[in-house]
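Undergrad: Okay, here's the structure, questions in a sec.
The values are calculated or read from the model by the stated rules, or taken from the named source; none is laboratory data. What you are looking at is a predicted structure, and each value in this text was computed from that prediction instead of being measured. All Cβ positions, even for glycine, are placed from backbone atoms using ideal geometry, and neighbour counts span all protein chains on display.
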């Protein structure tokens with residue numbers, strides 16, 4: 001048995017934290033429930049992977065721990081599908097709960113079959129086969145499939161993120177600041193995959209091995225990164241999930257006739273000018289459509305084709321106009337700009353500044369300075 005080292009303590013703490021997070025996330029009520037259920041499963045898998053590595057590092061000559069470490073490699077093939085499932089359940093609202101197709105688990109099933117195949121060999125015989133290179137080809141194929149499989153689901157996650165970025169402005173009048181979080185996960189995940197590819201090429205192409213840049217080290221890092229996602233989810237607000245449409249039909253200009261357009265426009269103007277519905281910080285396309293007693297598709301079509309605007313831009317034009325009216329009335333002498341922006345319907349300083357710059361082509365402070373010189 002090897003002496004207990006610092007890396008063993010890190011692994012042990014990681015295991016306990018993973019179990020803690022997996023349980024705690026499920027206790028949180030009404031906060032991204034389906035997505036967090038998937039995240040809890042990822043945390044449990046990460047903990048199992050670290051457990052396998054933990055026992056393997058402290059006792060490499062024990063057959064049970066050795067076999068356990070080999071079994072843990074099966075879980076490498078489920079991270080990609082689960083991350084895709086987490087993204088889809090977190091940011092999209094679908095008519096029926098999305099589940100993963102059984103075909104996504106074929107590589108993991110294949111790895112499980114390979115694992116049981118190794119049981120025909122004794123521990124000493126299997127170690128000898130590893131040392132003399134008899135299993136090099138099978139290890140190469142397993143790692144290559146793992147890399148390609150995770151690259152595939154990484155690409156699909158990027159596609160989901162692009163759809164979300166496109167549809168967010170058509171459904172929300174505010175920013176959920178979700179793109180940065182999801183992008184960071186994919187960027188760091190892509191970095192791990194790149195390091196894995198480099199270690200794969202060095203090992204099988206040049207017979208060069210590194211304890212730092214290795215298959216084991218990378219997957220320990222991935223497991224720890226999953227824990228970081230878990231900690232973030234504890235303080236993550238409830239996300240408004242955007243409808244995910246498979247658009248097969250071509251948009252038609254004649255979706256609404258002139259009479260319907262006039263009717264919806266009249267009611268829309270009343271809501272925006274008289275009732276000032278834009279003051280709702282969390283206003284969504286669904287909310288507006290319900291107020292207009294029409295479908296979200298009708299409202300979206302009207303804004304895109306008649307006003308040449310997204311829902312986000314349309315609503316925020318009224319918010320900026322409200323803010324400017326407050327400035328012209330001198331309210332900024334008694335209240336902060338942030339307070340005035342919040343009173344105008346914005347929910348964050350960054351969204352307000354970005355929107356003001358886009359519409360007015362100036363910063364709020366510079367606009368006020370210019371106004372004072374007139």
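Undergrad: Any idea which of (1) under 26 Å from residue 88 (Cβ atoms); (2) free of Cβ contacts under 8 Å to residues at least 60 places away in the same chain is the one residue 205 doesn't satisfy?
TA: The single condition residue 205 does not satisfy is (1).
Undergrad: Would you check which residues across region 19-36 are assigned to a helix (DSSP H, G or I), in contact (Cβ under 8 Å) with a residue 40 or more places away in the chain and within 19 Å of the chain's Cα centre (by Cα) and list them?
TA: Passing the criteria: 21, 22, 25, 34, 35, 36.
Undergrad: Which one of the conditions (1) under 17 Å from the mean Cα position of the chain (by Cα); (2) crowded, with 19+ Cβ neighbours inside 10 Å; (3) more than 30 Å from residue 355 (Cα to Cα) does residue 185 fail to meet, given that it meets all the rest?
TA: For residue 185, the exception is condition (3).
Undergrad: Output the residue which, of all residues in region 119-146 that are surrounded by fewer than 15 Cβ atoms within 10 Å (Cβ to Cβ) and touching a helix residue (DSSP H, G or I) at 6+ places or on another chain (Cβ under 6 Å), is modelled with the highest pLDDT.
TA: 140
Undergrad: OK, next. Between 116, 105, which is over 29 Å from residue 225 (Cα atoms) and assigned to a helix (DSSP H, G or I)?
TA: None of the other options fit; the residue is 116.
Undergrad: Here is a further query. In the list 200, 153, which residue meets the criterion of being assigned to a helix (DSSP H, G or I), under 13 Å from the mean Cα position of the chain (by Cα), surrounded by 13 or more Cβ atoms within 10 Å (Cβ to Cβ) and at pLDDT 85 or above?
TA: That would be 153, the only listed residue that is assigned to a helix (DSSP H, G or I), under 13 Å from the mean Cα position of the chain (by Cα), surrounded by 13 or more Cβ atoms within 10 Å (Cβ to Cβ) and at pLDDT 85 or above.
Undergrad: Answer yes or no: is there a residue in region 69-91 that is crowded, with 18+ Cβ neighbours inside 10 Å, in contact (Cβ under 8 Å) with a residue 24 or more places away in the chain, assigned by TED's automatic domain parsing to the domain that holds residue 216 and in contact with a strand residue (DSSP E or B) (Cβ under 8 Å, 6 or more places away or on another chain).
TA: yes
Undergrad: Being in contact with a helix residue (DSSP H, G or I) (Cβ under 6 Å, 6 or more places away or on another chain), in the same structural domain as residue 24 (by TED's automatic domain parsing), more than 30 Å from residue 133 (Cβ to Cβ) and in a helix (DSSP H, G or I) narrows it down to one residue among 195, 186, 191; which is it?
TA: None of the others qualify; the one that does is 186.
Yes/no per residue for (1) under 30 Å from the mean Cα position of the chain (by Cα); (2) closer than 16 Å to residue 173 by Cα:
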{"position": "311", "(1), (2)": "yes, yes"}
{"position": "314", "(1), (2)": "yes, yes"}
{"position": "323", "(1), (2)": "no, yes"}
{"position": "331", "(1), (2)": "no, no"}
{"position": "337", "(1), (2)": "no, no"}
{"position": "349", "(1), (2)": "yes, yes"}
{"position": "357", "(1), (2)": "yes, no"}
{"position": "364", "(1), (2)": "no, no"}
{"position": "370", "(1), (2)": "no, no"}
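Undergrad: Restricting to region 261-314, name every residue that is in contact with a strand residue (DSSP E or B) (Cβ under 9 Å, 6 or more places away or on another chain) and loosely packed, with under 15 Cβ neighbours inside 10 Å.
TA: Residue satisfying the conditions is 282 alone.
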